[in-house]
Amino acid sequence: MNHRRPLAGVREVAEYFGLTESTVRDQVYRGVGVGRLGFRVGKYLRWTWDDIDAYVAAQKQQKRAA
């Protein structure tokens, strides 16, 4: 059974990664880090938790490969 998680907003992403909300918004603007995964829903920035989980896994994999 597929359980959908609600989309994450700037506040949730910032809290999850220990960043400020302005840093997350800056990453969106620059298209880097977790910010590049964000997208607009109306006037709001949103992320899927699946994208965030995949991003974290990729970062861990890069660290192991280095």
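The values are calculated or read from the model by the stated rules, or taken from the named source; none is laboratory data. Everything quoted here is computed from the prediction, not taken from an experiment. Here Cβ is always computed from backbone atoms with ideal geometry, including for glycine, and neighbour counts include all displayed protein chains. Areas reflect the complete protein model, heavy atoms only, side chains present, ligands, DNA and RNA absent. Shrake-Rupley method; radii C 1.70, N 1.55, O 1.52, S 1.80 Å.
Table for the structure above
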read-out	value
Solvent exposure, largest accessible area first (probe 1.4 Å, DNA, RNA and ligands not counted), of Thr20, Thr48	Thr20, Thr48
Debye-sum result for the stretch 6-50 in log10 I(q)/I(0), which assumes one identical scatterer on each alpha carbon, at q = 0.22 Å⁻¹	-0.64
Test item: Cα-centred dipole of the chain, Lys/Arg +1 and Asp/Glu -1 on Cβ, debye	140 debye
Heavy-atom accessible area ranking, 1.4 Å probe, most first, across Val32, Val13	Val32, Val13
Extension gain from Lys60 to Arg36, taking 0.36 nm per residue of separation minus the Cα-Cα distance	6.9 nm
CD proxy at 222 nm, helix term only [per DSSP H run n ≥ 4: -39500 (n - 2.57); per residue of the chain; nearest 500]	-16500 deg cm²/dmol
Arg46 - accessible surface, heavy atoms, 1.4 Å probe, Å² rounded to 10	70 Å²
